[in-house]
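The values are calculated or read from the model by the stated rules, or taken from the named source; none is laboratory data. From a predicted model like this one, the values you see are computed outputs, not experimental measurements. Please note: Cβ atoms are built from the backbone with ideal geometry, for glycine as well, and neighbour counts cover all protein chains shown. Surface accessibility is based on the protein's heavy atoms, side chains included, excluding ligands, DNA and RNA. Shrake-Rupley method; radii C 1.70, N 1.55, O 1.52, S 1.80 Å.
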Amino acid sequence: MADETPTLVDEAAQSTTALGPLMGLAREDFMGAISLLLRETASDPARTYRHAQSFSEDVVKIMMGQSDIAPDPKDKRFMDPAWAFNPFFKAGAQYYLAVQKGMKSWIEDLDLDALERDRANFISSIIIDSLAPTNSLMGNPTAQKRVLDSGGLSLLKGLKNAYNDMLYNDGMVSMVDKKPFKLGENVACSKGNVVYRDEIMELVQYAPTTDEVYAIPQLTIPPQINKMYINDLSPEKSVVKWQVDNRIQTFVISWRNPQAVHGHWAMTDYIAACTRAVDVICDITGSKKVNVSGGCSGGQTLAMLLSKLQSQGDDRIGAVTLMVCVLHPKQTDIEAGSLMSDNGLALAKQRAAKQGVIQGSDLSRGFAWLRPNDLIWNYVINNYLLGEDPPAFDVLFWNADATNLSASLMGDFLTIFETLAFTRQGEVEMVDHKIDLSKVTNDLFILGGVTDHITPWRACYRSTQLFGSKNVDFVLSQSGHMQAILNPPTNPKAKYFRMKGNTPVKAGKTPEDVDAWLAKAEEIKGSWWPYWMEWLQSRAGDKVPAPKSMGSKKNPALEPAPGLYVLE
């Protein structure tokens, strides 16, 4: 099992919960895709018979021991030698793979357009994955050996794990062992204080670790459905620690976990909160400028803030960093995007409005079922069939600490997706202004992740063309989504890509075509953090003496970091 744990951790860490258009999927979208398959089955009986006959021929070959169907060598589900040498298990795997093969061949033969075919493939993959023999004790040789080797104790431990998940994890299989982690001790342990609090947010100021700091401070806007301490996990992968150790005055917003009474919190309220945060930071530091970063939905919020402040003539925002954030989404960007429909989005909004908030556990459950092999069946096998504890990993601990989402904010994010608001200059009104990023001229650092399937890097790249900025630097980090951000210099495997000739001070013209950028990109060994820090420091003003205390007379220091709202 020691060899399997890194794989479990890596795959789950690539699939952290995120805000995006998928939160607008309705059950009718899934049922519609299934109805499409059934309708096509009935529309051409001859075609259905032809594929059934082909499947039957595969079954006969399997029964006769003459089938050459074999698992993909990279498919970890069938790594146990029993799948190759035990006739019972070998035949079981071949039957399953024959169904998989037949389904794929049948869908390819259906009279569907590209979007319908994507829907059919996605739904069929979820169904087929759930039927894998490895998901049951009877069909999993590794689990059976574990039962024998442990004298049945693995089975008892698995039943206990399943019982605990039913009672304490909303019936979902656990992806992380939470016991080793404690906020403020080994996670979110950078020193600092809350310096402002209102109903919707806390603002945390982190203590400097150097005698001098750069005059222009840095504000981080986190996603609304995740806790802010993703920026301050263990010390070796803490973005906060990296900033303060490099003389950056660091502030981070901590969003409150909305309850049913907060269902009216909309994008307007979150933008107003961000503006108040800028006010407080300027008061505390005395700076007339604030550099700002935002990741995922925090990046979308940041883009809205930039547009809003520009429309008001407020030029206090300096350099801007957008991490793993899509401002110009397309339905084909992600696998499950094909399931979305206008009717489904409308129904999702209606149901959310009735509930007031969407529970974080419901968002996590829905997200997991979009990637069931990585986020469900892997853990069913590990926790229940093998009787192992889930891995203890800080990123997964943070991901499991999900927050709710207000119905109004969800509606606003879906409107942004439906209208492509950030791409239409001055045509879409939200937050009491007409959105127009072409008038935003701040220097931009935009980050994508090579294997990010939540905010695919090619979709992130489109943001380079939306702004009126003359200095835009796009950097591509290895790994996916939050792991692309949490890629510190201590990671021996770290690498990133940037356009040849770009320096932290000046970036060349960013090509409109992403493949043109890729052709000019060079691979750099090591973390992107030092390059970004040089970029940020060159835009952070002069060095000044570090503050001796947190807060100011008007905004005094309150509770120690990470504050109270992360505990809700």
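Taking the criterion of being part of a helix (DSSP H, G or I), farther than 25 Å from Asn487 by Cα and either modelled with pLDDT under 90 or not hydroxyl-bearing (Ser, Thr, Tyr) (or both), the residues of segment 374-396 that qualify are Ile376, Trp377, Val380, Ile381, Asn382, Asn383, Leu385. When segment 471-498 is limited to residues that are under 18 Å from the mean Cα position of the chain (by Cα), within 26 Å of Ala516 (Cβ to Cβ) and open to solvent by 10 Å² or more (accessible area, probe 1.4 Å), the one that is modelled with the highest pLDDT turns out to be Ile485.
Does Leu466 fit the bill of being modelled with pLDDT of 95 or more, surrounded by fewer than 16 Cβ atoms within 10 Å (Cβ to Cβ) and hydrophobic (A, V, I, L, M, F, W, C)? No, not satisfied. Any idea which residue in segment 520-568 is most open to solvent (accessible area, probe 1.4 Å), counting only those that are in a strand (DSSP E or B) and of a type in the set (Lys, Arg)? Here the residue is Lys525.
Just checking, which of Gly360, Gly366, Gly387 is of a type outside the set (A, V, I, L, M), open to solvent by less than 30 Å² (accessible area, probe 1.4 Å) and under 26 Å from Ile200 (Cα atoms)? Spell out how you get there, then give the answer.
On the way: Gly366 fails: open to solvent by less than 30 Å² (accessible area, probe 1.4 Å); Gly387 fails: under 26 Å from Ile200 (Cα atoms).
Just a single option satisfies the conditions, and that option is Gly360.
Per the conditions (1) over 16 Å from Leu322 (Cβ atoms); (2) out of contact with any helix residue (DSSP H, G or I) (no Cβ under 7 Å at 6 or more places or on another chain); (3) in a loop (DSSP other than H, G, I, E, B), the sole criterion not satisfied by Pro504 is (2).
Looking at the structure I just gave you, is Ala507 in contact with a strand residue (DSSP E or B) (Cβ under 6 Å, 6 or more places away or on another chain), open to solvent by less than 30 Å² (accessible area, probe 1.4 Å) and farther than 30 Å from Met201 by Cα? Against the criterion (in contact with a strand residue (DSSP E or B) (Cβ under 6 Å, 6 or more places away or on another chain), open to solvent by less than 30 Å² (accessible area, probe 1.4 Å) and farther than 30 Å from Met201 by Cα), Ala507 qualifies. Quick check on segment 421-432. Is at least one of its residues at pLDDT 95 or above and either under 26 Å from Ser130 (Cα atoms) or of a type in the set (S, T, N, Q) (or both)? Yes, some residue in segment 421-432 is at pLDDT 95 or above and either under 26 Å from Ser130 (Cα atoms) or of a type in the set (S, T, N, Q) (or both). The residue pairs whose first member lies in segment 488-499 and is without any contact (Cβ under 8 Å) to a residue 60 or more places away in the chain, whose second member is surrounded by 14 or more Cβ atoms within 10 Å (Cβ to Cβ) and of a type in the set (Asp, Glu), and whose beta carbons are closer than 9 Å, counting only pairs six or more residues apart or on different chains, are Arg498/Asp473; Met499/Asp473.
Checking Ala52, Ala46, Ala82, Ala70 one by one, the residue that is open to solvent by less than 80 Å² (accessible area, probe 1.4 Å), out of contact with any Pro (no Cβ under 9 Å at 6 or more places or on another chain) and under 30 Å from Tyr379 (Cα atoms) is Ala70 and no other.
Highlighted here are the helices (runs of 4 or more DSSP H) found entirely within segment 260-361 that include at least 2 residues which are under 15 Å from Asn442 (Cβ atoms): 267-285, 297-311.
Being under 17 Å from Met482 (Cβ atoms), modelled with pLDDT of 95 or more and surrounded by 24 or more Cβ atoms within 10 Å (Cβ to Cβ) is a property that holds for Val252.
Sort out which residues of segment 455-479 are under 25 Å from Asp374 (Cβ atoms), in a loop (DSSP other than H, G, I, E, B) and out of contact with any Phe, Trp or Tyr (no Cβ under 9 Å at 6 or more places or on another chain), and write them in order of number. Passing the criteria: Thr455, Pro456, Ser479.
Residues in segment 169-210 that are closer than 30 Å to Trp377 by Cα and in contact with a helix residue (DSSP H, G or I) (Cβ under 7 Å, 6 or more places away or on another chain): 11 in all.
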